[in-house]
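Reading through the structure tokens given below for one structure.
The values are calculated or read from the model by the stated rules, or taken from the named source; none is laboratory data. Not measured: the values here are computed from a predicted model. Here the Cβ is made from the backbone with ideal geometry for all residues, glycine too, and neighbour counts use every protein chain on show. Note: areas computed on protein heavy atoms with side chains; ligands, DNA, RNA excluded. Shrake-Rupley method; radii C 1.70, N 1.55, O 1.52, S 1.80 Å.
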Amino acid sequence: MEMLIFGHAGTPTLVFPTSQGRFYEYDDRGMVGALSHKLEHGHLQLFCVDSVDAESWYNRGVHPRQRVERHMTYESYLLHEVLPLVRQKNHNLNLAVTGCSFGGYHAVNFALRHPDVVNYCYSMSGAFDVKQFMDGYYDNDVYFNSPHDYLPQMGDTWYLDRYRMNWYLLATSHWDFCWGENEALAGAMRWKGMNHRIDVWSDDLQHDWPLWHRMAGQYLG
């Protein structure tokens, strides 16, 4: 698996690409440029990981159970290979995650599943429904990777106590087709007493990179 790292200090931030995106997407789409001032001044360090979406959620050529298993393998890679590398290169004790669109799903899901690891989560136009990829298949692993399902039902105090120590931002816009999903997830976060904010931008920018450039510049670092 390939990765790009930008910056030399500051808050280490794991960057997930959009659906089926690659590790170089954040740079190619101008997001790194939009954050150049913060990167140069040591406020932020980006770890841009690759995705396996084409082999997991989007892989219609295999049984849905195999799609979920591939995603679980990806999560294991993040935990056991990427995070040790992050800690080796950056001694800041905090960790942030971010992503746009389906990358927002990865950021939120990873943060909610591992609140002892992730302190800050910044989702931009996140799309959180993975059941759409399952062709009706559903099991415990699908449930525990579907934030709309497991967060409202979460009663485990180990998770809830850590959720309430962390910070979650859901950013969307009035023109974003994911606005409703973000409102629903924010409602679950409110119900659980989590430190969170939902920002609904009122300009005419839609679910695309120009909107995310502005959001990243405001939120990250």
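Quick rundown of the values:
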item	result
Chain lengthening between Tyr77 and Ala9 when straightened (0.36 nm per residue, less Cα-Cα)	22.2 nm
Length gained when the stretch His174-Gln66 is fully extended (0.36 nm per residue, less Cα-Cα span)	35.3 nm
Rh (Kirkwood; distinct C-alpha pairs) - the range 86-168, Å	13.6 Å
Carbon/sulfur fraction of accessible area - the chain, other protein chains in place, 1.4 Å, %	49 percent
Choice from Leu93, Leu185, Leu170 showing the highest fluctuation, given a GNM over the chain with Cα pairs closer than 10 Å	Leu93
Relative contact order %, the chain, counting alpha carbon pairs below 8 Å whose residues are six or more apart	19 percent
Radius ratio Rg over Rh of the chain, counting only Cα atoms, Kirkwood formula for Rh	0.94
Sum of side-chain charges, Tyr219 neighbourhood, beta-carbon under 14 Å (Lys, Arg +1; Asp, Glu -1)	+2
Environment charge at Gln45 (Cβ cut-off 13 Å; Lys +1, Arg +1, Asp -1, Glu -1)	+2
Residue of His114, His63, His43 that the Gaussian network model of the chain assigns the largest fluctuation, springs spanning Cα pairs under 10 Å	His63
In the range 38-77, trypsin sites (Lys or Arg not before Pro) in a DSSP loop with at most 16 other beta-carbon atoms within 10 Å	Arg60
Highest-fluctuation residue, Thr172, Thr73, Thr13 considered, GNM on the chain with Cα pairs under 10 Å	Thr73
Accessible surface, the chain, averaged per residue in Å² (probe 1.4 Å)	44 Å²
Per-q log10 I(q)/I(0), the range 131-185, q = 0.16, 0.25 Å⁻¹ (Debye; single scatterer per alpha-carbon; no solvent)	-0.67, -1.09
Spherically averaged projected area in nm², based on the convex hull that wraps the Cα atoms of the range 1-119	7.0 nm²
Of the chymotrypsin sites (Phe, Trp or Tyr not before Pro) in the range 121-212, those whose Cβ has at most 14 other Cβ within 10 Å and which sit in DSSP loop	Tyr137, Tyr138, Phe177
Normalised alpha carbon radius of gyration of the range 127-221 [divisor 2.2 N^0.38 Å]	1.20
